[in-house]
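Student: Structure incoming, see below.
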Amino acid sequence: MEPDTATVRPRLRPSGGRQPSPARGGAPAMGRAGWSLWPRAPPPAHAQPPGMEVAMAPRVLPLPRQQSFSPPLVLNPFVHPGSLSTGDKLRTVLQGVILLPIRLVSITFLLLLAWLSASIATFCQPGRGVQPLKGWRRRMVQITLSGVTHMAYFVMGFQVKVKGKVASLSEAPIFVAAPHSSFFDGIICALTGMPSIVSRAENLSTPVFGTILRSLQPVVVSRQDHDSRKNTVAEITRRAQSRGQWPQMLIFPEGTCTNRSCLITFKQGAFIPQVPVQPVLLRYPNRLDTVTWTWQGYSFKELCLMTMCQIFTRIEVEFLPVHVPTEEEKSDPILFANRVRQTMANALNLPVTDHTFEDCRLMISAGQLTLPMEAGLVEFTKISKKLNLKWNHVREQLDTFAAIASASKGGRIGIEEFAEYLKLPISDVLKELFLLFDRNGDGTIDFREYVIGLSILCNPANTEETIQMAFQLFDLDEDGTITEGEFACIIQSALRLPDLDVSVLFKEIDADKTGKVSYEEFKNFALKHPEYASLFTTYIDLQRHQLGMFEEHNTEPQALISETPPLARNKVCPEGGEDSSTTSDKKDD
């Protein structure tokens, strides 16, 4: 694994300069990349071995972070606010007075003509949806609908420029088109002989459009079917491998519309069949963009009206050479998809990002939580695979992040909001924790950094074993509960703040307001607030470390060592010195 955060941790050093040996027991779920990066609290005076002194090593700058977790080059490919200048608005209105009525009438006529042709082609169709259209039916769809579509784009003012050669069915059963940024991208259908597409089942019931769509024999996706994705991939594979029985397929592998600033993650559906694909590029080289249809920006109706009010709209469609998968790509659809995407990105001179449709859902959720919509974009699919995260879990983390960032501007957490949320003062220890979250060192934590920080730093340390041992550590009199005094003693020592008031934090942990915290209350709080993991584990690590050095430098009989109450073995180090901890590879970022 690549190094992530490397910080010189403060150590206790013998006055003679000899380096101490590692603690025997080790801290559970800490150590290599977790909470051992925290400054160590000084040991109690009566527990410090003779000749030992605390030396705080200076903090060094972190090593470069793992590149796979670096933020995307394009922060938000799903928005296109777009605004018309006063001159553009005036020009659009004046042109629209003349062009719009003529184009609306013409489009209506062509739409009815397309519907009539589609109705005839699908009338009494045998094996509808199961068997492909053949003979005159297929030729009617290809010739009539293709010609009507060409005419419709011409009437709307589109100037279509085509580059490259369209592959035949035998050469490439599947077309993959990107970037997908508009409903006007459908011009590719007319240029490729009206291939089949992937469509929602609800679209087939739409008047007029549903009949036209049905004549294209789409692969239907149903939201009500839990196995819809699997069935869709199976149907695409069946058709692509049918040896010419079914028409070619047109797939937009991005799965959603973007602003054409990058190519987002390609879904695997077009690449699982292991057949050659032809990449198709789309460009709209216009001064005034009236075609981009994203999650935030102009609506469908607004774009249609603005586009038809322009004298002309340019569109370029380029057909790249067919990509024939290698044996390696056939066995790995993700590799196949990524290589095709990179080929298309190079031709477009665009970056690639790992955003997916799931990021759109998080973006919308962020907007509902009064955060900037960009706050929800974390390249979810990539991060979820690397960190084993579920979408619902990340959505819950977004709620917590919004609660912390509500007082700040821009949807980011500063050190003040971080301290207020943890109900702790800004101290060296808190600053160290904040720096571990702040991956780019800009002094704030965005939602992406928050998710990665919880997964790599907090959750691995917040294990059942760690919580149990932390509870035993706080429970100084071993009566099965923690009083506020016991809680304050450890927290003040761990944070090196002897005058720290922990009453507010203690009351939050004490759910039943009895003045004493049971193990269940302690556990529930720790699991719901993983940010506190280090506060509960730092002192454990400290005592283990101190015990190892104490035994190394103490020359007295073992009986004298056992007379030191704060370092009781049964509290933090099981007898025998065995390491009962568990580590998590999630921390090795």
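Student: By accessible area of protein heavy atoms, probe 1.4 Å, what ranking do V166, V97, V79 get, highest first? Each step should come with its number before you reach the end.
Tutor: On the way: V166 55, V97 100, V79 20 Å².
I get V97, V166, V79, largest accessible area first.
Student: Can I ask one more? In Å and from the alpha-carbon atoms only, list the Rg and Dmax of region 292-419.
Tutor: Reported Rg and Dmax, both Å: 19.9, 58.
Student: Turning to a different aspect of this structure: Would you mind computing Rg(Cα) / (2.2 N^0.38 Å) for region 213-262, counting N as its residues?
Tutor: Rounded to two decimals, the normalised Rg is 1.34.
Student: For the full complex of protein chains and a 1.4 angstrom probe, list I334, I490 by accessible area with the highest value first.
Tutor: I334, I490
Student: How high is the FRET efficiency from D501 to K390, r the C-beta distance, R0 51 Å, rounded to 0.05?
Tutor: In this case the efficiency is close to 0.85.
Student: Straight-line reach from K89: which lysines have Cα under 19 Å away, leaving out those fewer than 8 places along the same chain?
Tutor: List returned: K301.
Student: Let me ask something else about it. What is the Cα radius of gyration of region 295-357 over 2.2 N^0.38 Å, N being its residue count?
Tutor: Values: Rg = 17.4 Å, N = 63, 2.2 N^0.38 = 10.6 Å.
Taking N as the residue count of region 295-357, the ratio is 1.63.
Student: Another one. When N is the residue count of region 125-278, what does its C-alpha Rg come to as a fraction of 2.2 N^0.38 Å? Don't skip to the answer; put the middle values down first.
Tutor: Working: Rg = 15.3 Å, N = 154, 2.2 N^0.38 = 14.9 Å.
Normalised by 2.2 N^0.38 Å, the Cα Rg of region 125-278 equals 1.02.
Student: Going by accessible area, probe 1.4 Å, with all protein chains left in place, what is the ranking of F506, F252, largest first?
Tutor: F252, F506
Student: Right, next: Modelling each spin label as a point 7 Å along the Cα-to-Cβ direction, I'd like the D399/N203 distance in nm, to one decimal.
Tutor: That separation, rounded to one decimal, is 3.4 nm.
The values are calculated or read from the model by the stated rules, or taken from the named source; none is laboratory data. Fair warning: this is a prediction, and the values are worked out from it, not measured in the lab. Don't worry about glycine lacking a Cβ; one is built from the backbone with ideal geometry, like all the others, and counts go over all protein chains shown. Quick note on the areas: whole protein, heavy atoms, side chains included, nothing else; ligands and nucleic acids left out. Shrake-Rupley method; radii C 1.70, N 1.55, O 1.52, S 1.80 Å.
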